[in-house]
């Protein structure tokens, strides 16, 4: 859990108004994505030491899946919801994890996607920005930007733009 906290803190510092470096936050999210995938592939449960009669005497409480998901997303979402780059990277993480982790891990991830959608709807006023923020992108703003709002795919948008510029 400590490694999650450190990466979240790096992202939060990068998103602070004094620093305003969403690319560094995306790099921290990359590491959180990797960590969350590793945790999601493991069996998470508390451990008990019992006496000779089988009665629990010591209980080791460990974080559950929801705890890891919560620490990964909540503060970054709250601080970064106004950043299209952060919204796209968080969305890409949720989509990738729901595609690669077991089904029983999905509800907490779907909840985070719903919270992300509601957060960006409150922070972004223009439909074009909302549309861009709803594109999953593992690089934040690594692609798919030129064709947002045009109804065209990236190749068609490039062709139209190139053709228009050559006139």
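A few remarks follow.
- Matching option when the condition is without any contact (Cβ under 8 Å) to a residue 40 or more places away in the chain, within 28 Å of residue 128 (Cα to Cα) and in contact with a helix residue (DSSP H, G or I) (Cβ under 9 Å, 6 or more places away or on another chain), among 18, 81, 14: 14
- Listed conditions (1) more than 25 Å from residue 141 (Cα to Cα); (2) assigned to a helix (DSSP H, G or I); (3) touching a residue at least 40 places away in the same chain (Cβ under 8 Å) are all met by residue 39, apart from (3).
- Some residue of the stretch 45-56 being touching a residue at least 12 places away in the same chain (Cβ under 8 Å), in a helix (DSSP H, G or I) and surrounded by fewer than 21 Cβ atoms within 10 Å (Cβ to Cβ): no
- When residues of the stretch 20-41 are limited to those that are within 16 Å of residue 81 (Cα to Cα) and more than 12 Å from the chain's Cα centre (by Cα), the one surrounded by the most Cβ atoms within 10 Å (Cβ to Cβ): 22
- Number of the exception - residue 100 against (1) surrounded by 16 or more Cβ atoms within 10 Å (Cβ to Cβ); (2) closer than 23 Å to residue 3 by Cα: (1)
- In summary, helices (runs of 4 or more DSSP H) completely within the stretch 88-167 and bearing 1 or more residues that are over 20 Å from residue 31 (Cβ atoms) and at pLDDT 50 or above occur at 106-123, 127-133.
- Matching residues, the stretch 57-77, being part of a loop (DSSP other than H, G, I, E, B) and either surrounded by 13 or more Cβ atoms within 10 Å (Cβ to Cβ) or modelled with pLDDT of 95 or more (or both): 63, 64
The values are calculated or read from the model by the stated rules, or taken from the named source; none is laboratory data. Quick caveat: nothing in here was measured; it's all calculated off a predicted structure. Note that each Cβ is placed from the backbone with ideal geometry, even for glycine, and that neighbours are counted across all protein chains shown.
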